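Comments concern the structure below.
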Amino acid sequence: MTGPGSDLPVEVVVGRVGRPHGLKGEVTVEVRTDSPERRFAPGVHLRGETGRDTTAPPAAVADLEVASVREHQGRLLVRFDGFADRDGAETLRGTLLHTSVPADETPEDPDEFYDHQLVGLRAEDLDGHHLGEVVRVVHGAQDLLEVRTPQGHHGLVPFVAALVPEVDVPGGRVVVADRPGLVTPFPDDAPAHEDAPLPGDR
């Protein structure tokens with residue numbers, strides 16, 4: 001992924017495929033963009049990434065062209081070219097949908113962020129103490145921020161307002177309502193060769 005400030009485009013997640021709908025290849029899409037009418041317009045090509053969870057690399061990547069799109073009972077239904085029946089649609093379940101955007105583009109919604117805006121931010125607790133650095137955004141049923149501590153521990157923080165009350169991209173930081181087992185490990189989880197840091201310690 002190319003970082004901010006580059007002239008090259010960056011990839012962003014715009015949705016995640018849910019279950020099939022009907023018999024003609026349509027799937028529900030969990031929208032992860034504030035511009036679904038633009039990202040899922042017929043003829044648009046998206047990069048589909050399958051087989052990814054919190055630890056495994058993507059198992060397959062495919063070019064997916066939007067064939068049709070409609071709303072149904074508050075859900076977005078999309079059919080991709082080459083997937084004409086329910087069995088084909090089922091193979092797409094869980095696929096993350098990416099598109100490319102200019103490196104300097106930001107979401108229209110001020111409460112939305114692209115992955116490359118978050119990766120590299122300094123993570124602080126509610127008192128401003130350093131916790132670590134955001135090293136990845138994990139997309140699944142719920143988005144997670146992966147935070148690496150100075151001791152090398154990796155914590156996964158659900159990206160919800162209750163646990164991440166502030167994202168300050170210009171200031172280079174994100175605030176996490178930390179607790180043992182979230183970013184700061186439980187004392188029993190600390191490596192034997194080092195002292196387990198207390199919550200809030202620098």
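Under 5 Å between amide H atoms, partner at least 5 residues away or on a different chain: which partners does Gly18 have, H built in plane at 1.01 Å?
Correct list: Thr28, Val29, Glu30, Gly94.
Could you list which residues have their amide H under 5 Å from that of Ala103, counting only those 5 or more apart in sequence or on another chain, with H placed in the peptide plane?
Residues meeting the amide H criterion: Val10.
Over the stretch 10-101, consider all pairs of different Cα atoms and compute the Kirkwood hydrodynamic radius from their mean reciprocal separation; express it in Å, one decimal.
Result for the stretch 10-101, one decimal place: 13.0 Å.
Sort 165-173, 81-89 for me by packing, meaning the mean count of neighbouring Cβ atoms within 10 Å per residue, highest on top.
81-89, 165-173
In the calculated pair distance distribution of the stretch 115-189, what percentage of Cα-Cα distances lie above 20 Å?
19
Just so you know, all these numbers are worked out from the coordinates, no wet-lab data involved. Worth saying up front: this structure is predicted, and the values here are computed from it rather than measured. Positions of Cβ are generated from backbone atoms using ideal geometry, with glycine treated the same way; all protein chains shown enter the neighbour counts.
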